[in-house]
Amino acid sequence: MSMSTLKTPVMNSIAKRCYANKAAALSIKGPQVQTKKLPNSSLVVAVPDYPTNIGRVSVTFLAGSRYEDPENAGISHLVRSSAGLTTESSSTFSIIRNLGHLGTNYYVTSDRETITYTIEAHKENLVSSLKYYIESISNQTFKPWELSDNLKRVEYDLLTVSPELRVLDLAHKAAYRNALGNTVFLPKYNVKKLGSEHLLYYVKKNFNNQNAIISSVGVDLDTLVHISEDLNLPDGDASCSPKSKYFGGDLRKSKALDVTYLAVVGEGVSYKDSQSASYAVLQYLLGKGSSVKWGVGQGVLEQNILKSNCSDNFAVSAVNYNYSDSGLFGFLLAYNGKDVSNVLKAAVQSLRSPTVTETEVSRAKKQLIFSLVSASESSAGVLENITYQAATTGQVIPFEKLISAVEAVTIEDVKKAASKVAGSKLSLAGYGNVATTPYLDNL
């Protein structure tokens with residue numbers, strides 16, 4: 001295959017209303033991001049000057065689980081697990097051997113919005129690796145016998161899904177029912193049902209220029225343009241799914257576990273919402289666990305549970321999911337006692353009426369800014385950040401404006417966000433030992 005590439009040498013979209021406000025108190029500069037909309041409708045995003053010898057490239061498609069139909073539930077999971085199989089030009093062995101010989105790392109991730117193919121290699125070897133990387137994206141064949149051989153790997157994936165991820169998946173189902181409520185895991189009843197024709201149709205439908213975002217760290221924008229040309233994706237319609245409507249509900253799945261895993265969420269906001277910065281600060285105010293190993297968390301959630309005289313071990317963390325058109329806000333709780341009622345009620349009370357003070361808001365803002373700065377110190381973290389921003393909003397917010405937006409959040413903004421969560425209908429999901437878990441109408 002002749003490749004023109006061979007010829008070539010964070011976080012949420014936050015608070016547009018805050019951009020014109022006073023400059024951030026912290027003098028923090030992030031990497032410069034370059035974006036370009038190509039004539040074929042693909043979007044390319046690059047951070048070329050990041051100080052690293054490793055070049056990282058991602059090709060992302062709007063083809064996550066929200067775009068699945070009931071008949072092909074879990075197909076995005078299966079597409080992800082089938083990455084690197086034989087293409088029209090190269091065998092699986094050839095792809096693995098050549099990428100390995102070049103010291104290249106290749107992996108695929110998927111979520112409710114996207115499927116992302118990522119390659120990492122030393123800059124000297126990156127261009128040589130692109131041939132096999134591009135083929136494995138745009139020329140997939142999904143041979144039936146290879147899919148059959150791959151089933152053991154898929155089954156292993158399903159067996160190793162953590163209870164935390166299972167209960168959060170159930171929380172999305174309880175909250176939305178469809179679209180964002182679609183499971184991100186391949187259901188067991190579809191493991192052997194979905195075959196080559198299903199995967200080829202799904203990829204043909206969703207892997208096109210309209211749905212493509214090509215992003216990189218340590219690689220220049222011109223190289224991404226050539227990658228887009230070599231992908232030679234077809235033109236097509238942008239992926240669409242019903243606008244996610246929040247309903248709220250109660251789902252639980254009993255398993256032979258000693259621990260009770262619970263997720264309680266209310267309606268949050270999308271990436272594009274002007275209040276997304278306030279919700280991010282509120283998440284850190286409620287707490288994301290301890291910042292010190294084996295320590296006690298500073299968040300309102302954990303402190304209130306401790307005040308309820310809980311005698312058994314527990315872990316709790318606030319969660320904040322922002323998507324292109326909706327969001328969820330709440331907490332994830334793990335408890336290994338016999339009766340989870342008191343602990344759950346204390347956590348729900350904290351969610352409905354958290355203690356919002358100047359001291360707590362200041363602490364939360366500092367922790368959030370530290371988290372953002374820490375993520376920017378990793379080129380992998382920067383790539384993940386700019387990729388998801390571009391996929392869900394069509395743009396990437398400069399790092400300085402992101403910090404400025406967090407700094408501009410006031411106590412009134414956080415109280416307003418907390419009030420909206422408190423007024424939202426809650427959703428509850430349980431996994432594991434749920435025998436003593438109260439229902440929503442008892443909370």
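Enter the accessible area per residue of the chain (Å², integer; probe 1.4 Å; all protein chains in place).
For the chain, the solvent-accessible area averages 45 Å² per residue.
Lys/Arg Cβ at +1, Asp/Glu Cβ at -1, dipole of the chain taken about the Cα centre: which of Ala46, His226, Phe247 is farthest positive-ward?
Of the listed residues, the answer is Phe247.
If the reach is capped at under 25 angstrom between alpha carbons, list the lysines near Lys188, excluding any in the same chain fewer than eight residues apart.
Hits, sequence-local ones excluded: Lys143, Lys152, Lys173, Lys204, Lys205, Lys253, Lys255.
Can you give me the long-range amide H partners of Lys255? Hydrogens built in the peptide plane at 1.01 Å from N, cutoff under 5 Å, separation of 5 or more residues or another chain.
Gly432, Asn433, Val434
Residue separation times 0.36 nm, minus the C-alpha to C-alpha distance between Gln349 and Lys205: what's the value?
Full extension of this stretch gives 47.3 nm more.
What shape does the chain have by the C-alpha gyration tensor, where a ≥ b ≥ c are the square roots of the eigenvalues, rounded means a/c under 1.5, and otherwise prolate means a/b greater than b/c and oblate the rest?
Taking the square roots of the gyration eigenvalues as a ≥ b ≥ c, the chain is oblate.
Just tell me which lysines come within less than 19 Å, Cα to Cα, of Lys131; anything on the same chain fewer than 8 places away is out.
List returned: Lys7, Lys123.
For the ranges 234-243, 413-422, what's the packing order if you count other beta-carbon atoms within 10 Å of each residue, average per peptide, and put the highest first?
Those peptides, ordered most packed to least, come out 413-422, 234-243.
Taking the highest mean first, how do the peptides 374-382, 77-85 order by number of other beta carbon atoms within 10 angstrom per residue?
Result, highest mean Cβ count within 10 Å first: 77-85, 374-382.
Quick one: grab the alpha carbon gyration tensor of region 67-199, order the square roots of its eigenvalues as a ≥ b ≥ c, and give me rounded if a/c is under 1.5, else prolate or oblate depending on whether a/b is larger than b/c.
Taking the square roots of the gyration eigenvalues as a ≥ b ≥ c, region 67-199 is prolate.
Mind listing which chymotrypsin sites (Phe, Trp or Tyr not before Pro) in region 316-366 are in a DSSP loop and have 10 or fewer other Cβ atoms within 10 Å?
none
With all protein chains present, how much of the accessible area of the chain (probe radius 1.4 Å) comes from carbon and sulfur, to the nearest whole percent?
Solvent-exposed carbon and sulfur of the chain make up 51 percent of the total.
The values are calculated or read from the model by the stated rules, or taken from the named source; none is laboratory data. In this text, all values refer to a predicted model and were calculated from it rather than measured experimentally. Positions of Cβ are generated from backbone atoms using ideal geometry, with glycine treated the same way; all protein chains shown enter the neighbour counts. Just the protein is used for accessible areas: all its heavy atoms, side chains included, with ligands, DNA and RNA removed. Shrake-Rupley method; radii C 1.70, N 1.55, O 1.52, S 1.80 Å.
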